[in-house]
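The values are calculated or read from the model by the stated rules, or taken from the named source; none is laboratory data. Given the structure is predicted, the values throughout are model-derived calculations rather than measurements. Ideal geometry is used to build each Cβ from the backbone, glycine not excepted, and the neighbour counts take in all protein chains shown.
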Amino acid sequence: MNLTELEIDECQKVFKDLDEEGVGSIKISDLKVALERIGFIPSEFDYYKMISEIDENNTGQIKFSDFLTIYHKHKMNSSDEEDTDTKDVFVAMGGNTDGTGSVETSKLVDIIKKEFELTIDIESLINEIDKDGSGSIELGELKSLFKTNYTNENL
């Protein structure tokens, strides 16, 4: 499981808040609240599927290790969805379906400024992301661009 210390700490805090008796487990009924607190709002089907996978012995309790497993699965699924979305954008802008090729920076600037009418300084972001200075954005660079923390403070 590849979780950062920060992610584990966040999960531990949420878990401890709901472990009222301090026994190292939370009630099944508290699982949904715990998941929501870490930003995961599963569908009813997914929620009950999780419970059936984690609480195989029908104890009505979830251990911290099981909670981390759920968090990790959620994180991996979210990451896969983000990668698929990024690849779809990459291909739509001219990249190849196998992840090779690139997107011309001028095309990216036109889309951001003209089609979406965004006022961000996309040129500066591209300069930061385009490490090889090629004037085009490869798939990995596009992923980095989408992960940039560009807030209103930077405007």
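Using the structure shown, decide if residue 30 is closer than 15 Å to residue 11 by Cβ, more than 23 Å from the chain's Cα centre (by Cα) and in a helix (DSSP H, G or I). Write out each step before concluding.
On the way: closer than 15 Å to residue 11 by Cβ: yes; more than 23 Å from the chain's Cα centre (by Cα): yes; in a helix (DSSP H, G or I): yes.
It is true that residue 30 is closer than 15 Å to residue 11 by Cβ, more than 23 Å from the chain's Cα centre (by Cα) and in a helix (DSSP H, G or I).
Confirm whether residue 106 is in contact with a Ser or Thr (Cβ under 7 Å, 6 or more places away or on another chain), in the same structural domain as residue 144 (by TED's automatic domain parsing) and either modelled with pLDDT of 85 or more or surrounded by fewer than 17 Cβ atoms within 10 Å (Cβ to Cβ) (or both).
Spelling it out, it is not the case that residue 106 is in contact with a Ser or Thr (Cβ under 7 Å, 6 or more places away or on another chain), in the same structural domain as residue 144 (by TED's automatic domain parsing) and either modelled with pLDDT of 85 or more or surrounded by fewer than 17 Cβ atoms within 10 Å (Cβ to Cβ) (or both).
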>> I'm trying to understand the selection: among the residues of the stretch 41-56, which are at pLDDT 85 or above, in a loop (DSSP other than H, G, I, E, B) and of a type in the set (S, T, N, Q)?
In response: none
>> I'm trying to understand the selection: among the residues of the stretch 5-26, which are under 13 Å from residue 71 (Cα atoms), charged (D, E, K, R) and surrounded by 13 or more Cβ atoms within 10 Å (Cβ to Cβ)?
In response: 7, 10
> If you take the residues in the stretch 109-118 that are surrounded by fewer than 16 Cβ atoms within 10 Å (Cβ to Cβ) and of a type in the set (A, V, I, L, M, F, W, C), which one is farthest from residue 92 (Cα to Cα)?
Replying inline: 118
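Determine, yes or no, whether residue 66 is surrounded by 11 or more Cβ atoms within 10 Å (Cβ to Cβ) and over 15 Å from residue 8 (Cα atoms).
On the way: surrounded by 11 or more Cβ atoms within 10 Å (Cβ to Cβ): yes; over 15 Å from residue 8 (Cα atoms): no.
Answer is no for this residue.
Quick check on my filter: what residues within the stretch 119-147 are free of Cβ contacts under 8 Å to residues at least 12 places away in the same chain and either closer than 23 Å to residue 83 by Cα or surrounded by 13 or more Cβ atoms within 10 Å (Cβ to Cβ) (or both)? If you could, list the steps in order and put the result at the bottom.
Going through the stretch 119-147, the residues free of Cβ contacts under 8 Å to residues at least 12 places away in the same chain turn out to be 124, 127, 131-133, 140, 147.
Once the filter is applied, which keeps residues that are free of Cβ contacts under 8 Å to residues at least 12 places away in the same chain and either closer than 23 Å to residue 83 by Cα or surrounded by 13 or more Cβ atoms within 10 Å (Cβ to Cβ) (or both), the stretch 119-147 yields 127, 131, 132, 140, 147.
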> residue 99 versus (1) surrounded by 12 or more Cβ atoms within 10 Å (Cβ to Cβ); (2) part of a helix (DSSP H, G or I): which is the lone unmet condition?
Replying inline: (2)
> For the stretch 64-83, does any single residue satisfy the condition of being of a type in the set (Lys, Arg) and under 29 Å from residue 2 (Cα atoms)?
Replying inline: yes
